[in-house]
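Have a look at the structure below, then the notes.
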Amino acid sequence: KLIHALGEVSEIIFFLLGAMTIVELIDTQGGFKIITDKIQTTNKVKLLWVISILTFFMSAVLDNLTTSIVMVALLRKLICDKKDRWFYASMVILAANAGGAWSPIGDVTTIMLWVAGKVSALNIIEMTFIASAMSLIIPLVVLSFMMKGNVERPQLNQSTEAAVSCAPWQSVLFLCMGVGALLFVPVFKTITHLPPYLGMLGGLGVLWVTSEIIHRKDIHEVRSRYSISTIITKIDVPSILFFLGILIAVNALASVGHLGLLSTKLDTINLPEPEKYYLINVIIGVLSSIVDNVPLVAGAMGMYSFEMDHYFWEMLAYCAGTGGSILIIGSAAGVAVMGMEKIDFIWYLKKISWIAVIGYFAGALTFIGEKAIRNYFAPEHHVQKVAVDLTKDGIKDYLTQNTFYIVQSDEKQNIFDSTSVQFTAFNQHQGLTLNSFQTRNDSLILFSKESNLVLSDYVVNNDVIDTIAEVMFGGQHLLITQSGMVYFVSEAGPIPLERR
């Protein structure tokens, strides 16, 4: 297990090493100066919004770890004071995690859900974008009232002067190639199905060759300054080793089974649907600020079998992505920024965590509210007016006062319109998922699941979130929904009936 854990962690470490080297190469070639020159404002509040919004959208295209590394490099060019920079770096963490949550390629957990077929790309963007944006906007508004004055730009040092002396076309070239290499990683993974770190190291190799070709005629001092062998020595190795330690510790928790046990315990929460699954997702998000969200999400994926684009998966993507911002060690972006900027854990806990909590719950409530509004205005999700009183007398009246037909090949076959009914079984299923059930004469059994009704190898699909009663009627095995649908359970599976 230790060897397996080291293999998993090493993939992330090599990814981090490649990304940090590419960012350092762009910086050495003066690529970031092109961006910092465009950001003219020194007003703390304006700069906070610019940096956060830029991070939010970058992390949707890049992953949040790479985005954090790039933005911290930018912040070092824009802000001199260390304590001021900590506030901005903290907002980079919040913005990167929020931006990664609504994109299918922005966060590891969202990628997991996307690759496993739990969510579709367009749907996850549509359903979680507003909630993710709200989880960033609320902290930005709160912090805007706390920050006053202007930031002080850092003075040019020797390395910056060297970058400035680099030809403008070289700076533009390496900025474009560097960003292109970072953007290429998810494309590489999708096409080749190889680990992302190989794409990152491959991109670094292309930049290395390009740098050596461009500077091949320079004097030795200049050539060595732009050489990868020199640039890689500037990488913050302690932060990478810190990252290694955190990931190994989390893997230890997963190996002894605590995280899997936690996921199982969450499913025992006794609440009706959808409140139960909303609460489970919120708890998973909070827990992801302490332990890695990947095993938590993996545990949830193994426990539930909801259909693609079910609201559980959508909210899981949001909560697992943004919940890690509550503590600085709760996300890959947070750990990377903590190592690079030497942000104090207690400082983050006192100054930022409470703001992140407000943003997290604001986004979660936004998701729930948006889902309720969509359900209200979407006719296909409306539960129709109660057509059937799901009691034995109500169902008996409904079945005896109507005639039901099996419609096959444009022919109508009257199956019954009996006026004498005897129930031999009566089970009521709330929602539409039924994986196993008991048959009891004249008994009521409630199931609080939602999706599809499964009988043996057959599935009853229904667009309406509904309640189903299962009865034996005149010797026929039937399913009656509260909205009036009747299914005849034949040897070929459940058949919807037409009512007249």
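Residue-wise test of (1) crowded, with 19+ Cβ neighbours inside 10 Å; (2) of a type in the set (F, W, Y); (3) under 18 Å from the mean Cα position of the chain (by Cα).
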{"position": "T42", "(1), (2), (3)": "no, no, no"}
{"position": "S52", "(1), (2), (3)": "yes, no, no"}
{"position": "S59", "(1), (2), (3)": "yes, no, yes"}
{"position": "K83", "(1), (2), (3)": "no, no, no"}
{"position": "W86", "(1), (2), (3)": "yes, yes, no"}
{"position": "S103", "(1), (2), (3)": "yes, no, yes"}
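Please verify whether E221 is free of Cβ contacts under 8 Å to residues at least 12 places away in the same chain, among the charged types (D, E, K, R) and part of a helix (DSSP H, G or I), treating the condition exactly as stated. Yes. Across segment 174-196, not a single residue is classified as at pLDDT below 80 and more than 21 Å from the chain's Cα centre (by Cα).
Residues are listed down the side, and each one gets a yes or a no for (1) over 23 Å from D236 (Cβ atoms); (2) at pLDDT below 80; (3) aromatic (F, W, Y); (4) assigned by TED's automatic domain parsing to the domain that holds T230:
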| position | (1), (2), (3), (4) |
| --- | --- |
| Q40 | yes, yes, no, yes |
| T67 | no, no, no, yes |
| C80 | no, no, no, yes |
| Y88 | no, no, yes, yes |
| A101 | yes, no, no, yes |
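The values are calculated or read from the model by the stated rules, or taken from the named source; none is laboratory data. Computed from a predicted structure; not experimentally measured. Cβ atoms come from the backbone with ideal geometry, glycine included; neighbour counts cover every protein chain shown.
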